[in-house]
1. Anything in the chain that counts as a DSSP H helix reaching 20 Å or more along its axis (C-alpha) with Kyte-Doolittle mean of at least 0.0? List them, would you?
2. Can you give the longest stretch of the chain with no exposed loop site, where a site means GluC sites (Glu not before Pro) in a DSSP loop (not H, G, I, E or B) with at most 14 other C-beta atoms within 10 Å?
3. List the aspartates and glutamates whose Cα sits under 19 Å from the Cα of Lys148, skipping any in the same chain fewer than 8 residues away.
4. Does a label point 7 Å from the Cα of Ala223, set along Cα-to-beta-carbon, have any residues of the range 152-170 with amide nitrogen under 17 Å, and which are they?
5. Considering only DSSP beta bridges where both residues belong to the chain, give the percentage that are antiparallel (nearest 5).
6. If neighbour count is taken as other Cβ atoms inside 10 Å, put Ile367, Ile187 in order from fewest to most.
7. Within 10 Å of each residue's Cβ, count the other Cβ atoms and sort His293, His23, His145, His188 from fewest upward.
8. Which entry is the computed semi-axes √(5λ) of the Cα gyration tensor in Å for this structure: [x] 46, 29, 18; [y] 37, 26, 20; [z] 31, 25, 21?
Amino acid sequence: MPKPHSGKVKIGIIGAGAVSDYHHVPGIRLDERCCLTAVCDASADLVAKRKGEWNVSLATTNYLEVCQSPDVDAVIIATPNDTHKDIAVAAAKAGKHIMCEKPLGLNATEVAEMYHSARDNDVVHMTAFTYRFAPAMRYIAHLVHSGKLGQIRHFRSQRFLDWPETSWGWRQWKARAGAGDLFDMTIHRLDLGVFLVGPLKKLTGAIARFAPRDKTADGKPCAPSDVDDWSSLIGIFENGATGVWEGTTLAKGYKRKGFGHEWAEINGSEGSVVYQLHTPNTILIGNNEVDLHEEKVPEEFLKPTGSPRSTTQGEPATLFRYDLMWEFVSAICEGRQASPSFHDGLVAQVIADSVLASFEKENWLPIPTVNK
């Protein structure tokens, strides 16, 4: 296990794009236990820009400088998917704690290497499965795990986005992203299913691509996409419950201020509950006597104990994302493993890989066990 950290946790960000700027940096700024000390990106122009905006001393295009710096205790990896493995392994070998964006790698083999390296070097490792921290999801997990919903029978997840059909950049090519919607969006919901219901036993899956994405937003030609923009699967959990997932980026009319449509539902023998991303501080709940109706998430589930972020000032669908950083820093300070960990990321990756294999083979497939 990692040793407890004393003093401020010094964090370096590798990958200085929008996700880091919108989610990770604000989370760091809110937490007095940590500070941002380094930035790295493949773009020298972006590095120079962030150095001033983020007020950091170390700014570089070489991730090894961040991994080897004595002024860095932990790193956040928010780079293209094909770079995650090498950066994470280098950071682990240098004794740096790691939080990495999802998917952790291009396939389960890469992710297993990342997990084993972090585990064997006794560093905190965390997968950025942000939606576990939504207040509604935290409360639903309590309802499920406390038995208040009875025997869990069904889990279903919808993630519908209305995105432009122009280029996704690196995200639209298998060599850099591994897959499209499946790895970018549905993988979050695969984690939620396991988090709420337990291990998945078997599945059958499918993917499709509709948008060529052969032009950039300003009309310039580019290499067309070779990844999915729709993904779906049916699964059977080890406890006998069923799961159904569907995700798309091509659902017209589902913008909702950029948050899109997300519906995650649990049906148990004693009741049903629903989480929606655009209203993360409320749930829908019902049973055989009362139809689904809106209820506020109780105060104690709005954020983790000790989290410094507001529960009322700001966009609710953004605020809970700062708790990802709170959990990462808490695990470092307390000398424990973070949740969700790289192991959780590996479990989700094995499932996602199985969706691709199932579609190729046109068959149901068993889910391999992921050992700790």
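1. Those that pass (Cα extent of 20 Å or more, hydropathy at least 0.0) are 342-361.
2. 33-237
3. Glu265, Glu270, Glu289, Asp291, Glu294, Glu295, Glu299, Glu300
4. In the range 152-170, the label zone of Ala223 (backbone N under 17 Å from the point 7 Å along Cα→Cβ) covers 167-170.
5. About 60 percent, rounded to the nearest 5.
6. In increasing order of surrounding Cβ atoms, one gets Ile367, Ile187.
7. The fewest-first ordering by Cβ neighbours comes to His293, His145, His23, His188.
8. Of the labelled values, this structure produces [z].
Values quoted throughout were computed directly from the atomic coordinates according to the rules given, and no laboratory measurement underlies them. Just so you know, these numbers come straight off a predicted model, no measurement behind them. Because the Cβ atoms are built from the backbone with ideal geometry, glycine has one as well, and the counts that use them run over all protein chains shown.
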